[in-house]
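See structure below.
The values are calculated or read from the model by the stated rules, or taken from the named source; none is laboratory data. Just so it is clear, the model here is predicted, and its values are computed rather than measured. Cβ placement follows ideal geometry from the backbone for every residue including glycine, while neighbour counts extend to all protein chains displayed.
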Amino acid sequence: NIDVLNFPTTGATPALENYVPTKQGPVIDTLLNAGAIVMAKTNMHELAFSPGITGPTDGSEIRWGAQGAAKNPHNLKYSPSGSSSGTGAAVSAGISPAGLGSDTGGSVRNPSAWCGITGLRPSTKRYSQVGVVPLSWTRDTIGPMARSVGDLALLDSVITGEGSIHAAEIGELRLGIDRDFFCTDCDPDVLNIFETEVERLSDAGAEIVDLTIQNLEKNINQIGQTLTMYEVVRGLAEYLKASGSGVRFEDLIAQVTASGMGERLKQLMEGEAVSEEVYTHAITTIRPAIQQSYANVFSENNIQALLFPATLLQPNKISELGTSTIRGKKTSYLLASSHNVQPASIGGSPGLTVAAGLTGSGLPAAIGFDGPIGSDRDLLAIGMAYEKIRPIMPSPVLAV
């Protein structure tokens, strides 16, 4: 879903199967001018919607879109998450040292967590979004994915032109944890790995602060969906019109193959899903309140970053992504997988995912770091410091 000259931009949807853009955005231009090589385009969830947003809840088979489902290199029966699933899998398997994805509500950070790699969601608008198939102009951003935080820092430095980044001193770090918001209903294996890494950071000299993020919207996932569902129709229609692809929005909807997505997009196009009033309240009242809550927790507690399990879930089997089970309780895959990444996605803060170990099932788990808006370089420096003391991640089953 990122335009690159001489490569198709399919968005993993049939209507764009043969669309090859005639121009590319500044992010790609900058990387190529610095010597990067685009070796391939990768699979993704159709139009960057992760399963669970529109997937079936009645036990019927999930339809994955035009390219089928990407697979997790650590176990091919399991999902790499999404929506940037192919990039996560390719980097994890050693096919490429790094890649790009797009992150609206966790689509870089979640596959980084489930594939055992690292991923950065930069502060919104830090990178240009020109030449990217859009979901939400409020939340979308390109994000780098790599096997080390150092490689993420290199890519960020090239894209922004801001120079190299050096690891922070762990003994100078003050990190906050809101266990009520980020750890409630977490998978036990994932939580155990998280607590082990918190102790590792503390033993290395970091100060860990237990805190509460005040007034953080409890139904934060719903707010994220409200913004995306209102903006996707307008943004996607505008992209198609400007692309010269000859594909109309109506044609795209008619050919969508992922479970339930075409019907949902049709409802959105007809104005049946999100009203102007609901969207306006979300964008002018609720989102600023989330941003203020996040800003306050950093300033009032004098912390450089928040620390949390990157996702509440272990990787799911590809056949079981409609719902997940945590502590014997059925829950929505979407809600559980995106809960911890939503505050940064909605508020525009940078978020970093770093692989932290393997569960008892041999599947990756990761920790997440969120920083204040604009603190991307500091956040990467923190991640580089943690990377020096974390366990060495085993190579996946499917590795080059």
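Across the range 383-398, a minimum of one residue is classified as more than 25 Å from Arg179 (Cβ to Cβ), in contact with a Pro (Cβ under 6 Å, 6 or more places away or on another chain) and of a type in the set (A, V, I, L, M). Before we move on, is Tyr230 among the hydroxyl-bearing types (Ser, Thr, Tyr) and touching a Phe, Trp or Tyr at 6+ places or on another chain (Cβ under 6 Å)? Yes.
Of the residues Phe181, Phe194, the single one that is of a type in the set (Phe, Trp, Tyr) and closer than 19 Å to Arg287 by Cβ is Phe181. If you go through the range 116-135 and keep only what is buried (at least 24 other Cβ atoms within 10 Å of the Cβ) and farther than 22 Å from Val4 by Cβ, you end up with Gly116, Thr118. Under the condition of being of a type in the set (Ser, Thr, Tyr) and touching a helix residue (DSSP H, G or I) at 6+ places or on another chain (Cβ under 9 Å), which residue from the range 281-301 is surrounded by the most Cβ atoms within 10 Å (Cβ to Cβ)? So the residue we want is Tyr294.
Tell me which residues, restricted to the range 137-163, are surrounded by fewer than 22 Cβ atoms within 10 Å (Cβ to Cβ), closer than 20 Å to Leu240 by Cβ and not aromatic (Phe, Trp, Tyr). Residue satisfying the conditions is Thr138 alone. The set of residues in the range 104-161 that are part of a helix (DSSP H, G or I) and among the aromatic types (Phe, Trp, Tyr) contains only Trp114. Checking Thr331 against (1) in a strand (DSSP E or B); (2) closer than 19 Å to Ser84 by Cβ; (3) β-branched (Val, Ile, Thr): exactly one of these is not met. Which one? Tallying (1) in a strand (DSSP E or B); (2) closer than 19 Å to Ser84 by Cβ; (3) β-branched (Val, Ile, Thr), Thr331 fails exactly one: (2). Checked against (1) charged (D, E, K, R); (2) surrounded by 22 or more Cβ atoms within 10 Å (Cβ to Cβ); (3) more than 26 Å from Ile346 (Cα to Cα), Asp189 passes all but condition (2). Scanning the range 28-42 for residues that are free of Cβ contacts under 8 Å to residues at least 60 places away in the same chain and either surrounded by fewer than 16 Cβ atoms within 10 Å (Cβ to Cβ) or over 22 Å from the mean Cα position of the chain (by Cα) (or both) returns Asp29, Leu32, Asn33, Gly35, Ile37, Met39, Ala40.
Restricting the first member to the range 226-249 and to residues that are under 15 Å from Thr22 (Cα atoms) and touching a residue at least 12 places away in the same chain (Cβ under 8 Å), and the second to residues that are in a loop (DSSP other than H, G, I, E, B) and of a type in the set (A, V, I, L, M, F, W, C), the beta-carbon pairs closer than 7 Å and six or more apart or on different chains are Tyr239/Val133; Leu240/Val247.
Scanning the range 242-267 for residues that are among the aliphatic types (A, V, I, L, M) and part of a helix (DSSP H, G or I), we see that the one that is modelled with the lowest pLDDT is Met261. Residues in the range 31-49: is at least one outside any loop (DSSP other than H, G, I, E, B), at pLDDT 85 or above and touching a Phe, Trp or Tyr at 6+ places or on another chain (Cβ under 6 Å)? So far as the range 31-49 goes, no, none of its residues is outside any loop (DSSP other than H, G, I, E, B), at pLDDT 85 or above and touching a Phe, Trp or Tyr at 6+ places or on another chain (Cβ under 6 Å).
One residue stands out among those in the range 310-336 that are crowded, with 20+ Cβ neighbours inside 10 Å and in contact with a Gly (Cβ under 7 Å, 6 or more places away or on another chain): the one that is modelled with the highest pLDDT, which is Ala310. A residue that is out of contact with any strand residue (DSSP E or B) (no Cβ under 8 Å at 6 or more places or on another chain), within 28 Å of Lys71 (Cβ to Cβ), of a type outside the set (Asp, Glu) and touching a residue at least 60 places away in the same chain (Cβ under 8 Å) can be found somewhere in the range 149-161. I'd like to check something: does the range 204-211 contain any residue that is buried (at least 19 other Cβ atoms within 10 Å of the Cβ) and touching a residue at least 40 places away in the same chain (Cβ under 8 Å)? Within the range 204-211, not a single residue is buried (at least 19 other Cβ atoms within 10 Å of the Cβ) and touching a residue at least 40 places away in the same chain (Cβ under 8 Å).
Taken over the range 185-241, residues that are in a helix (DSSP H, G or I) and closer than 29 Å to Gly360 by Cβ amount to 17.
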